[in-house]
Amino acid sequence: MQALLNFFTDGMGKFVQYTAFANFTVGHIIMMLVGFAFIYLAITKEYEPMLLVPIGFGILVGNIPFLQGANLQIGIYEKGSVLNYLYFGVLQGIYPPLIFLGIGAMTDFSNLLSNPKLILIGAAAQLGIFGAYTAALLLGFPINEAASIGIIGGADGPTAIFLASKLAPHLIGAIAISAYSYMALVPVIQPPIMKLLTTNKERRIRMKPPRAVSKKEKILFPIVGLLLTCFITPSALPLLAMLFFGNILKESGVTKRLADTASKQMIDIVTILIGLTVGASTQATVFLTPQSIGIFILGAVSFIVATFGGVMFVKIMNLFLKEENQINPLIGNAGVSAVPDSARVSQVVGLQYDPTNHLLMHAMAPNVAGVIGSAVAAGILMSFLM
């Protein structure tokens, strides 16, 4: 009887040891609250739900504690686990080019082609990348980590993951969470900055309707764009090649099935995988460090600087343009590559001051330019640092 009792108590003790309750820490509670917040914002506020729901749920998955060192092969950082295999696509930079393929297949560059000078706004918004890069260096981050942190300023999650996978793979979790968080919070962060930097008169500027773009121009653009950008920065080839490849699938008119697959089923599958695994990578025992908090703060700074750079650049451009050709500075925020959310913010803020002034079609030009610009910036950083 005593032997049976001992067997039962030993077994229960071992069972309890393997439960999450026995391995719970304050860090796990904090990260779970973050996960709940992401899911709440996605469902109630509809802030980037396609990203925040997978990431938020992934945070919950990654922070269910288990006995460390037991070789259970369940955690995302344990070799042989399913989550670890799925995370391989993040660590090796496989998922971001596939995301870019889907973005290219769903993007219409007509607005950019009709008014090419708007591409300069997308370039100006990259100021946030180099501003955060400089700030990270001043705070003592190694140069490769500083570059990976800086790219958050482009508000482009896939590019941030791609660059971090090459330069600072140990920071992918913190960088990805930061980039996607600020992408989701575009409607909250950008409007106050846009209103602060512009006057009532500037917000009411009406831009000329974009000209019609021919089919030939649309087909030539991804070919010329690929050659031009990748000759300048070959390091960005995996991202830019897939972006322009997806776009020519769309614009050629003869590969509709491929374009539809890339822009729908494929990008949805990759978004699920990247969101879930990035969220799960926030395992409290690995993720919750002062360094991660610093990255999150720098990400906010870089995003604010990027928005500032885009809006102020438009104001400077207007000094050299005739009144009838002036650009509404409210589209300057769209220079960050949070497609299409930052362009929608331009539209929403513009309508607050003139309900008949629709800026969305104009804002999409710097918005898609920002996608190209952030990839080029990542390529430049890789060229110097790898």
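The values are calculated or read from the model by the stated rules, or taken from the named source; none is laboratory data. Computed from a predicted model, the values in this text were never measured in an experiment. Backbone-built Cβ (ideal geometry, glycine too); neighbour counts: all protein chains shown.
Of the residues making up the stretch 347-386, those that are without any contact (Cβ under 8 Å) to a residue 60 or more places away in the chain, part of a helix (DSSP H, G or I) and either among the basic types (Lys, Arg) or touching a Leu at 6+ places or on another chain (Cβ under 9 Å) (or both) are 347, 351, 363. The sole residue among 59, 99, 74 that is touching a Ser or Thr at 6+ places or on another chain (Cβ under 8 Å), among the β-branched types (Val, Ile, Thr) and outside any helix (DSSP H, G or I) is 74. Filter the stretch 296-307 for residues that are out of contact with any Leu (no Cβ under 7 Å at 6 or more places or on another chain) and in contact (Cβ under 8 Å) with a residue 12 or more places away in the chain and give the result. Selection gives 296, 298, 299, 300, 301, 302, 303, 304, 307.
Within the set 313, 303, the sole residue that is in contact with a helix residue (DSSP H, G or I) (Cβ under 8 Å, 6 or more places away or on another chain), in a helix (DSSP H, G or I), farther than 19 Å from residue 151 by Cβ and among the aromatic types (Phe, Trp, Tyr) turns out to be 313.
Do the conditions hold for residue 275, that is, is it touching a Pro at 6+ places or on another chain (Cβ under 6 Å) and assigned to a helix (DSSP H, G or I)? Yes, satisfied.
Exactly one residue among 385, 360 is of a type in the set (A, V, I, L, M, F, W, C), touching a helix residue (DSSP H, G or I) at 6+ places or on another chain (Cβ under 8 Å), at pLDDT below 90 and surrounded by fewer than 24 Cβ atoms within 10 Å (Cβ to Cβ), and that residue is 385. The residue that is farthest from residue 377 (Cα to Cα), among those in the stretch 113-129 that are among the hydrophobic types (A, V, I, L, M, F, W, C) and surrounded by fewer than 24 Cβ atoms within 10 Å (Cβ to Cβ), is 113. Does residue 150 qualify as being small (Gly, Ala, Ser), buried (at least 19 other Cβ atoms within 10 Å of the Cβ) and closer than 30 Å to residue 273 by Cβ? Judged against the criteria, residue 150 is a match. Taken together, the residues in the stretch 316-336 that are crowded, with 16+ Cβ neighbours inside 10 Å and assigned to a helix (DSSP H, G or I) amount to 9. Which residue, of 289, 282, is buried (at least 17 other Cβ atoms within 10 Å of the Cβ), at pLDDT below 90 and over 23 Å from residue 112 (Cα atoms)? Of 289, 282, the one residue that is buried (at least 17 other Cβ atoms within 10 Å of the Cβ), at pLDDT below 90 and over 23 Å from residue 112 (Cα atoms) is 282. Counting residues in the stretch 105-118 that are of a type in the set (Phe, Trp, Tyr) and part of a helix (DSSP H, G or I) gives zero.
Among the candidates 43, 30, 59, the residue that is under 21 Å from the mean Cα position of the chain (by Cα), under 21 Å from residue 290 (Cα atoms) and modelled with pLDDT of 90 or more is uniquely 59. Of the candidates 300, 338, 343, the single residue that is closer than 30 Å to residue 200 by Cβ and touching a Gly at 6+ places or on another chain (Cβ under 9 Å) is 338. Examine the stretch 228-235 for a residue that is in a helix (DSSP H, G or I), closer than 15 Å to residue 105 by Cα, touching a residue at least 12 places away in the same chain (Cβ under 8 Å) and in contact with a Leu (Cβ under 7 Å, 6 or more places away or on another chain), and state whether such a residue exists. No, the stretch 228-235 has no match at all.
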